[in-house]
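Here's the structure, in structure tokens; my notes come after.
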Amino acid sequence: MKVHHLNCGTMRPAGGKLLDGEPGLLRRAELVAHCLLIETGDGLVLVDTGFGTQGVAQPGKWLGRPFVAMVGARLLKAETAVAQIEALGLDPADVRHIVPTHLDIDHAGGLADFPNAVVHVRTEEHRVATAPSNAAEKNRYRAAQFAHRPLWSTYDETGEPWFGFDAVRSLKGLPEEILLVPLTGHTRGHTGVAIDTGDGWLLHAGDAYFFHGQLDPVAPHCPPGMTAFQNLVQTKRGARLENLARLQELVKDHQDEVAVFSAHSPVELAALRR
């Protein structure tokens, strides 16, 4: 399998050093929407989808004006998954499967660009996104992004141990080298996606953490603004912190075997592209 690292949505929120740890408070920080495109022997697989073409064309309806303003979204057609797949000389119609880490606005925005793809999610994530039961759930997810009726494939909490994580499982119709790794906390059904490349594992940890320094094996750290933001958007604090600790242990003990990265760190994206 060949894995491509894509940025499917640049964000420039105000806050500078408070968010990314780099000098300067009055500048805008930079975040990315780190997605994966996996070439398999039976078509293409996407892990997360970014803003999507409709997010660029009609951001108010698709992403919501509050979100666009808060994150300082840069709406570029060239950054959509469709455009980047075409730039690689591949056909977007060959995307047969999508594995979102979760269904937040900036992760599910491109689902509708691939209406024939099977979308693999944990059962609880599917429930809260498509049938929200309270105001928080209704405000978190964008119904427009699911209006095309995706071809859902849902998964309950069963599986096998994997590097200290429980209930890790393969996915229907996908190679056994691609695994779902439950990472509850940011959302109720949040998950990581592990890929055995043949040269080691990749673990896309989604929004289980946001800042690369949080997985520093010697001295984990995070800027105060980013810490506050993670607390603000979490759904289950205890589970999130427990899974963050597991990720830290994974990097500390197995960094030669597993490359862990989050959805929004430009530092990690640049390193993996190299």
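Couple of notes before you dig in:
- Taking the criterion of being under 17 Å from G185 (Cα atoms), over 16 Å from the mean Cα position of the chain (by Cα) and crowded, with 16+ Cβ neighbours inside 10 Å, the residues of the stretch 122-146 that qualify are E124, R127, V128, E137.
- Looking only at the stretch 162-175, and only at residues there that are open to solvent by 60 Å² or more (accessible area, probe 1.4 Å) and modelled with pLDDT of 95 or more, the one that is nearest to the chain's Cα centre (by Cα): R169
- Filter pass, T235 being within 15 Å of D104 (Cβ to Cβ) and open to solvent by 20 Å² or more (accessible area, probe 1.4 Å): yes
- Selected residue [under 21 Å from D48 (Cβ atoms), over 14 Å from the mean Cα position of the chain (by Cα) and open to solvent by less than 20 Å² (accessible area, probe 1.4 Å)] from L272, L179, L215: L215
- Those residues of the stretch 238-255 which are closer than 12 Å to A208 by Cβ, touching a residue at least 40 places away in the same chain (Cβ under 8 Å) and either open to solvent by less than 50 Å² (accessible area, probe 1.4 Å) or not basic (K, R) (or both), in sequence order: A239, R240, L241, E242, N243, L244, L247, L250
- Any chance P66 is out of contact with any strand residue (DSSP E or B) (no Cβ under 8 Å at 6 or more places or on another chain) and not in a helix (DSSP H, G or I): no
- Members of the stretch 131-155 found to be touching a helix residue (DSSP H, G or I) at 6+ places or on another chain (Cβ under 8 Å) and in a strand (DSSP E or B), listed by number: W152, T154, Y155
- Any hit, the stretch 166-178, residues being touching a His at 6+ places or on another chain (Cβ under 9 Å), over 19 Å from T40 (Cβ atoms), touching a residue at least 12 places away in the same chain (Cβ under 8 Å) and not aromatic (F, W, Y): no
- Any hit, the stretch 36-48, residues being closer than 23 Å to T184 by Cα, open to solvent by 30 Å² or more (accessible area, probe 1.4 Å) and either part of a strand (DSSP E or B) or out of contact with any Ser or Thr (no Cβ under 9 Å at 6 or more places or on another chain) (or both): no
- Among residues of the stretch 38-58 that are in contact (Cβ under 8 Å) with a residue 24 or more places away in the chain and of a type in the set (A, V, I, L, M), those with a beta-carbon under 6 Å from a residue that is outside any strand (DSSP E or B) and open to solvent by less than 40 Å² (accessible area, probe 1.4 Å) at least six positions away or on a different chain give the pairs V47/V99.
- Scanning the stretch 93-121 for residues that are in contact with a strand residue (DSSP E or B) (Cβ under 8 Å, 6 or more places away or on another chain) and assigned to a helix (DSSP H, G or I) returns D94, D106, L111.
- Unmet requirement for H5, which otherwise passes all of (1) under 22 Å from P150 (Cβ atoms); (2) in a strand (DSSP E or B): (1)
The values are calculated or read from the model by the stated rules, or taken from the named source; none is laboratory data. Owing to the predicted nature of the structure, the values given are computational and were not obtained by experimental measurement. Glycine also receives a Cβ, built like all others from the backbone with ideal geometry; neighbour counts cover every protein chain displayed. We work out accessible area using only protein heavy atoms, side chains counted, and drop any ligands, DNA or RNA first. Shrake-Rupley method; radii C 1.70, N 1.55, O 1.52, S 1.80 Å.
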